[in-house]
1. May I ask which of Lys117/Lys137; Lys163/Lys201; Lys142/Lys163; Lys142/Lys201; Lys119/Lys152; Lys163/Lys213 have a Cα-Cα span longer than 22 Å here?
2. Would you please state the base-10 log of I(q)/I(0) at q = 0.16, 0.25, 0.30 1/Å for the range 169-219, with intensities from the Debye formula using one equal scatterer on every alpha carbon?
3. Considering every Cα-Cα pair within the range 98-219, what fraction, in whole percent, is farther apart than 25 Å?
4. Taking N as the number of residues in the range 122-165, what value does Rg over Cα atoms divided by 2.2 N^0.38 Å take?
5. At 7 Å along Cα-to-Cβ for each site, give me the label-to-label distance between Asp178 and Gln113 in nm.
Amino acid sequence: MKKVFQKNQIAITALAIMIAVAGYLNFTEQNASKDGDQKSGSSVETIDTMDISDGDSLIKEKAESSQNAAEKNSDEVSEESQTAGSTETIGGAVLTQAQVSEYVAGARMEREQTHSKTKESLNEIINSDSVGESAKKEAVDKLTELADIMEKEAATEQLLASKGFENAVVSIGDDSVDVVLNYEELSSADRAQIEDIVTRKTGYGVSQLIISKMQTTES
């Protein structure tokens, strides 16, 4: 009887130990699971935070890149607009068609006024009773020469215009011919053509030609 009691006691003790061990293992597994979930959550949160931070940086970089591209395009458009607006730059100033017409009219009027004064003086000599015949003859020759000069100036300007050099002002002097043109750049071929026209129409040599740009009084 005593031996049976001892066996039962041993079995009960062993069962209690097994229950305690099983409870400990179950508790350990639950803690481990919780720790794993917390670590996983922390990892996911860290990854999400990094992804959001990287995304913000990427968006910011793209926004800055787009802004720089827009500013560059704006500058290019501005430069193109400025270039397009200064295609008729002459002597550092932009001459409108009205300014060109005004310049040509003024220059030709001044030239005609000079010719008129010379013509008037020569006629006074020719019609004077106190002037000798030789002086009168010289005045007549100069008057004829003046008429020839005026005709050559007009003919030269007309021929230049027909070749594309419009609004030219030609002034023939004693030893030279001044040709004022409205141009930005004058190529060698253009200069050669102008020289050919002027020399043929006026009878002066190339070395006596003075070709210059048209400029306003403001430039």
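Bear in mind that the values in this text are calculations on the coordinates, not laboratory data. These numbers come from a predicted model, not from an experiment. As a convention, Cβ positions derive from the backbone with ideal geometry for all residues, glycine included, and neighbour counts pool all protein chains shown.
1. From Lys117/Lys137; Lys163/Lys201; Lys142/Lys163; Lys142/Lys201; Lys119/Lys152; Lys163/Lys213, over 22 Å: Lys142/Lys163.
2. -0.46, -0.98, -1.24
3. Details: 2413 of 7381 pairs.
So the portion of pairs separated by more than 25 Å is 33 percent.
4. Ratio of Cα Rg to 2.2 N^0.38 Å: 1.71.
5. For the pair Asp178/Gln113, the computed spacing is 1.4 nm.
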